[in-house]
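Every number in this text was worked out from the coordinates using simple rules, so none of it is lab data. On a predicted model such as this, the values are computed, not experimentally measured, just so you know. Note that we place each Cβ from the backbone using ideal geometry, even for glycine, and neighbour counts take in every protein chain shown.
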Amino acid sequence: MRTVIFLGLFTVIIICCISCKCDKTVNEGLTIKIQNRTDSIIHVKLFPKNKSGRSYPFCEGCGYKDAELKLSPNYDDSYVWIETIFTSVDLDIEPHILAASAFDSIHIILKNNVIIKFTHENVSGYSENIFTENSTWDFRIIESNYPNMFCPNPGKEHHYSFVISDEKILIEKIV
C-alpha cells in the first residue's frame, strides 16, 4: 500500500514538473542609489514628493521605505552596500530626471554637522547636484538569476549610483 501511495505521489510530482512552463522573460529595472565614499557615516534625509509618515513609495506601485537612512563608508566595488533610493521599470529615464520626479530635495549630514542640500534649483555643500543633467553617476548593469520554484528567474538591473566623496564636499556648517 505504501508503495502505491509513493508511486502515485511521485507521478503527481513528475506531472506537475513537466506541465510547468518556465517564463524566460528577463525582468529589467532601473535603480538610483547613493554611495558613501567619505571616511565616516553619513545621514541621508529624503524629501519625497509622495510621503506617508516617515516612509515613501520607493518604486512605482510597490512597497514603502524609510525617508531617513544612515550609510556607512563604502569603497567596495561589489555594489552590495549602496542604498537604493528609488526604482523604476522605465529603462530610458535619466537618473537625474527620476530623482527629480521622486524627490523635492535631499539632505545629507556628514560628521561635524557638515550638510549637503540638493534641491531642483541648486545645491549647497557639494560640487554637483543630483538633480541636474551634468551630475556624475556611476552606471552598471547587473545580471542575476534567482530561481523561482523549478524555473529560472533572470533579471537585469540598471544601477545608477550617485557617489558622495570627500573630494566634492564644500564645507558648510548647519546653523
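Things worth noting here:
- Exposure proxy ranking, count of Cβ atoms within 10 Å, fewest first, for T25, T38: T25, T38
- Compared with the direct C-alpha span, the chain from E143 to S40 gains 34.0 nm at full extension, assuming 0.36 nm per residue.
- Taking amide H positions as modeled 1.01 Å from N, with prolines and chain starts lacking one, the residues under 5 Å from K65 and 5 or more places away or on another chain are Y56, F58.
- Under-5 Å amide H pairs with E28, H placed in peptide plane, nonlocal only: K156
- Whole-Hz couplings from phi, Karplus 6.51/-1.76/1.60, listed for region 38-43; x for Gly and Pro: 8, 8, 8, 5, 10, 10
- Neighbourhood charge, 14 Å Cβ-Cβ cut-off, centred on D66 and excluding it, Lys, Arg +1 and Asp, Glu -1: +3
- For V163, the residues whose modelled amide H falls within less than 5 Å of its own, excluding neighbours fewer than 5 places apart on the same chain, are Q35, D138.
- Measuring against 23 Å, Cα to Cα, the residue pairs K49/K156; K45/K168; K65/K117; K117/K156; K33/K168; K51/K156 contain K49/K156; K117/K156; K51/K156 as the ones spanning a longer distance.
- Here the Kirkwood formula puts the hydrodynamic radius of region 25-168 at 15.9 Å, using every distinct Cα pair.
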